[in-house]
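Asks: Take a look at this one; I'll ask things after.
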Amino acid sequence: MRLSRYFLPVLKENPSEAQIVSHRLMLRAGMIKQSSAGIYSWLPLGFKVLKKIESIVHDEQIRAGHVPMLMPTLQPADLWRESGRYDDYGQEMLRIKDRHDRDMLFGPTNEEMITDIFRAHVSSYKDLPLTLYHVQWKFRDEIRPRFGVMRGREFYMKDGYNFDLSKEDALHAYNRHLVSYLRTYERMGLQAIPMRADGGPIGGDYTHEFLVLAETGESEVFYDSAVTDLTFGDRDIDYDNVEQCQGVLEEFTSKYARTDETHDEVVFQEQVPEERRRFARGIEVGQIFYFGTKYSDALGATVQTADGQNVPVHMGSHGIGVSRLLGAIIEASHDDKGIIWPEGVTPFHCGIVNLKQGDDEADAACNQLYAALTAAGLDPLYDDRNERAGGKFATMDLIGLPWRITVGPRGLKNGVVELTSRRTGESEELSPEEAVKKVVAIYAQHQTGRGF
Ligand code: 5CA
């Protein structure tokens with residue numbers, strides 16, 4: 001993409017409405033624009049990162065054997081009356097009437113709808129296990145939407161639902177989700193720690209929230225500092241292997257890590273040596289639940305077993321806050337100049353800054369770099385505007401591309417361009433060919449998301 005043809009409405013001033021750094025930087029980098037409280041337009045740069053995050057979520061769900069689909073945003077109230085949640089959900093639910101005076105709602109989550117789909121089409125144990133998921137806009141009329149996309153009213157969520165014959169099978173689905181979530185967050189450059197949590201309006205005794213530690217997080221958490229040493233890495237996992245998935249769950253959840261709702265000070269002090277006890281804040285980027293037959297009982301979702309009995313299916317639901325993740329990643333990765341995108345989700349792989357636009361040699365070198373990076377399957381952003389170098393650098397630093405190639409007449413005389421890491425600020429002089437080779441090699445080590 002050439003910046004002169006893109007739409008990147010960066011702001012010079014700090015927007016006064018933004019209280020936390022991720023919100024401020026998303027507005028300044030021209031990623032989002034508020035349309036009303038807690039509801040945003042996703043401008044091209046924000047949209048691109050959103051789609052990259054979504055594509056990583058899809059990759060990892062499909063890898064775990066879960067099946068993608070898409071349900072609507074508007075739901076009939078009658079389904080929610082069957083589960084009893086139409087009245088229970090309270091004012092967070094946006095209720096709508098259609099022209100025939102029928103009660104509808106903008107879905108805050110999809111347990112009822114997916115159970116309805118299941119009961120219409122599945123009646124035998126032979127069709128289990130099954131996990132269906134989608135990534136779709138949700139609406140919760142939060143009392144206090146704030147911090148930009150972090151606590152929106154309209155937000156983008158991956159929600160998945162497992163259907164299993166027994167509690168044992170459903171707990172394996174729970175474990176599969178835990179493993180796939182660890183992989184998902186790590187690919188985005190995040191450490192998200194599974195912590196014992198509370199079921200809330202979704203219900204269920206087994207539930208973990210995934211938290212990214214950050215001072216600006218809305219959740220209070222208590223944990224053993226040893227949990228921060230755990231990483232999943234690139235180990236092999238067989239999602240059908242029950243013991244292996246259970247082993248990962250035990251490894252990642254046996255040390256003390258809980259949100260304030262489930263925190264128990266006595267257990268904390270008993271289990272965790274004093275020097276490892278931590279109290280901090282975190283951003284909840286996902287939650288998994290096993291809730292047994294709560295919804296299948298209410299909606300009559302049963303299957304016939306091998307010996308001819310009809311039994312309600314065991315279910316769980318599993319969510320990832322896709323739009324919230326943009327905020328969480330920025331909170332975890334920025335400096336005073338702007339965002340520092342991890343390679344896995346960066347909107348463009350590499351920036352190209354032309355220090356002397358209109359200079360034949362510099363223009364030709366930039367065009368060649370652009371063509372070579374594109375031919376290698378990368379997506380560069382070429383700042384081809386007639387701007388001062390300082391302004392171009394400030395924009396690149398603000399929007400946070402992890403790598404930048406700077407091209408100027410002086411370097412070109414010596415046959416070199418400059419390759420700079422946004423994270424470390426370190427630069428090296430390389431021939432244009434070497435610079436391309438190096439950027440290509442860096443991205444070969446990352447499974448990046450797919451953008452637009
Ligand atoms: N049905 C279950 C799992 S699919 C569910 O709705 N879970 S949830 O309520 O925990 O939401 C899943 C994730 O969505 C949360 O972990 C959080 O990351 C994100 N989320 C929830 N509310 C908001 C909000 N108001 N703004 C942005 N993200 C949100």
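The values are calculated or read from the model by the stated rules, or taken from the named source; none is laboratory data. No experiment lies behind these values; they were computed from the predicted model shown. Please note: Cβ atoms are built from the backbone with ideal geometry, for glycine as well, and neighbour counts cover all protein chains shown. Just the protein is used for accessible areas: all its heavy atoms, side chains included, with ligands, DNA and RNA removed. Shrake-Rupley method; radii C 1.70, N 1.55, O 1.52, S 1.80 Å.
Asks: Any idea which residue in segment 153-173 is farthest from the ligand (Cβ to nearest atom), counting only those that are open to solvent by 10 Å² or more (accessible area, probe 1.4 Å) and either closer than 11 Å to Gly286 by Cβ or of a type in the set (Lys, Arg) (or both)?
Replies: Lys167
Asks: Being open to solvent by 10 Å² or more (accessible area, probe 1.4 Å), of a type outside the set (A, V, I, L, M, F, W, C), without any contact (Cβ under 8 Å) to a residue 60 or more places away in the chain and in the same structural domain as Ser41 (by TED's automatic domain parsing) narrows it down to one residue among Arg146, Arg187, Arg176, Arg140; which is it?
Replies: Details: Arg146 fails: without any contact (Cβ under 8 Å) to a residue 60 or more places away in the chain; Arg187 fails: without any contact (Cβ under 8 Å) to a residue 60 or more places away in the chain; Arg176 fails: without any contact (Cβ under 8 Å) to a residue 60 or more places away in the chain.
Going through Arg146, Arg187, Arg176, Arg140 in turn, just one is open to solvent by 10 Å² or more (accessible area, probe 1.4 Å), of a type outside the set (A, V, I, L, M, F, W, C), without any contact (Cβ under 8 Å) to a residue 60 or more places away in the chain and in the same structural domain as Ser41 (by TED's automatic domain parsing): Arg140.
Asks: If you don't mind, another one. Can you run down the residue pairs with Cβ atoms below 9 Å, 6 or more apart or on separate chains, where the first is in segment 292-320 and at positive phi and the partner is assigned to a strand (DSSP E or B) and of a type outside the set (Phe, Trp, Tyr)?
Replies: Close Cβ pairs (under 9 Å, with a partner that is assigned to a strand (DSSP E or B) and of a type outside the set (Phe, Trp, Tyr)) amount to Gly292/Pro312; Gly292/His314; Gly292/Met315; Gly292/Gly316; Gly300/Pro312.
Asks: Do any helices (runs of 4 or more DSSP H) entirely within segment 344-452 hold 3 or more residues that are touching a strand residue (DSSP E or B) at 6+ places or on another chain (Cβ under 8 Å) and either open to solvent by 30 Å² or more (accessible area, probe 1.4 Å) or closer than 29 Å to Ser55 by Cβ (or both), and if so, which?
Replies: 360-375, 389-399, 432-444
Asks: Next question. Give Tyr206, Tyr181 a once-over and let me know the one that is touching a residue at least 12 places away in the same chain (Cβ under 8 Å), open to solvent by 70 Å² or more (accessible area, probe 1.4 Å) and in contact with a Gly (Cβ under 8 Å, 6 or more places away or on another chain).
Replies: Being touching a residue at least 12 places away in the same chain (Cβ under 8 Å), open to solvent by 70 Å² or more (accessible area, probe 1.4 Å) and in contact with a Gly (Cβ under 8 Å, 6 or more places away or on another chain) holds for just one of Tyr206, Tyr181, which is Tyr206.
Asks: Kindly list the number of the only condition in (1) assigned to a strand (DSSP E or B); (2) open to solvent by less than 40 Å² (accessible area, probe 1.4 Å); (3) of a type outside the set (Phe, Trp, Tyr) that fails for Arg95.
Replies: (2)
Asks: For Val221, which of the numbered conditions (1) more than 16 Å from the ligand (Cβ to nearest atom); (2) out of contact with any helix residue (DSSP H, G or I) (no Cβ under 7 Å at 6 or more places or on another chain); (3) open to solvent by less than 10 Å² (accessible area, probe 1.4 Å) fails to hold?
Replies: (1)
Asks: Starting from segment 20-41, keep only residues that are on the phi > 0 side of the Ramachandran plot, then list their pairs with residues that are more than 14 Å from the ligand (Cβ to nearest atom) whose Cβ atoms are within a distance under 6 Å, requiring at least 6 positions of separation or different chains.
Replies: Final answer for the pair search is Gly30/Leu8; Gly30/Pro9; Gly30/Val10; Gly30/Leu43; Gly30/Leu45.
Asks: Yes or no: Leu11 more than 16 Å from the ligand (Cβ to nearest atom), part of a helix (DSSP H, G or I) and within 19 Å of Gly400 (Cβ to Cβ)?
Replies: Answer is no for this residue.
Asks: Next up: Within segment 303-322, is even one residue open to solvent by 10 Å² or more (accessible area, probe 1.4 Å) and near the ligand (Cβ under 10 Å from one of its atoms)?
Replies: yes
Asks: A further question follows. Just checking, how many residues over segment 271-298 are open to solvent by less than 30 Å² (accessible area, probe 1.4 Å), more than 15 Å from the ligand (Cβ to nearest atom) and touching an Asp or Glu at 6+ places or on another chain (Cβ under 6 Å)?
Replies: 1
Asks: Where residues in segment 325-343 are part of a strand (DSSP E or B) and open to solvent by 10 Å² or more (accessible area, probe 1.4 Å), which of them is farthest from the ligand (Cβ to nearest atom)? Don't jump to the end; show me each part of the working.
Replies: The first filter runs over segment 325-343 and keeps only residues part of a strand (DSSP E or B), leaving 334-335, 338-339.
Then keep just the ones that are open to solvent by 10 Å² or more (accessible area, probe 1.4 Å); that gives 334-335.
Details: His334: 19, Asp335: 25 Å.
If we take residues in segment 325-343 being part of a strand (DSSP E or B) and open to solvent by 10 Å² or more (accessible area, probe 1.4 Å), then Asp335 is farthest from the ligand (Cβ to nearest atom).
Asks: What about Thr346, is it among the β-branched types (Val, Ile, Thr) and closer than 22 Å to Arg2 by Cβ?
Replies: Taking the combined requirement at face value, the residue satisfies it.
Asks: Quickly run through segment 129-141 and pick out the residues that are touching a helix residue (DSSP H, G or I) at 6+ places or on another chain (Cβ under 7 Å), near the ligand (Cβ under 9 Å from one of its atoms) and among the charged types (D, E, K, R). Step through it out loud before you land on a result.
Replies: First, the residues of segment 129-141 that are touching a helix residue (DSSP H, G or I) at 6+ places or on another chain (Cβ under 7 Å): 129, 131-133, 135, 140-141.
Then drop every residue that is not near the ligand (Cβ under 9 Å from one of its atoms), which leaves 133, 140.
Correct list: Arg140 only.
Asks: Among Glu54, Glu60, which is in contact with a Lys or Arg (Cβ under 7 Å, 6 or more places away or on another chain), open to solvent by less than 30 Å² (accessible area, probe 1.4 Å) and in contact (Cβ under 8 Å) with a residue 24 or more places away in the chain?
Replies: Of the residues listed, the single one that is in contact with a Lys or Arg (Cβ under 7 Å, 6 or more places away or on another chain), open to solvent by less than 30 Å² (accessible area, probe 1.4 Å) and in contact (Cβ under 8 Å) with a residue 24 or more places away in the chain is Glu60.
Asks: Looking at segment 227-245, which of its residues are within 14 Å of Ile193 (Cα to Cα) and among the aromatic types (Phe, Trp, Tyr)?
Replies: Phe232
Asks: Can you tell me which of (1) assigned to a helix (DSSP H, G or I); (2) over 23 Å from the mean Cα position of the chain (by Cα); (3) within 14 Å of the ligand (Cβ to nearest atom) is the one Pro201 doesn't meet?
Replies: Looking at each condition in turn, Pro201 falls short on (2).
Asks: Restricting to segment 35-59, name every residue that is in a helix (DSSP H, G or I), within 16 Å of the ligand (Cβ to nearest atom) and small (Gly, Ala, Ser).
Replies: Gly46, the sole residue that qualifies.
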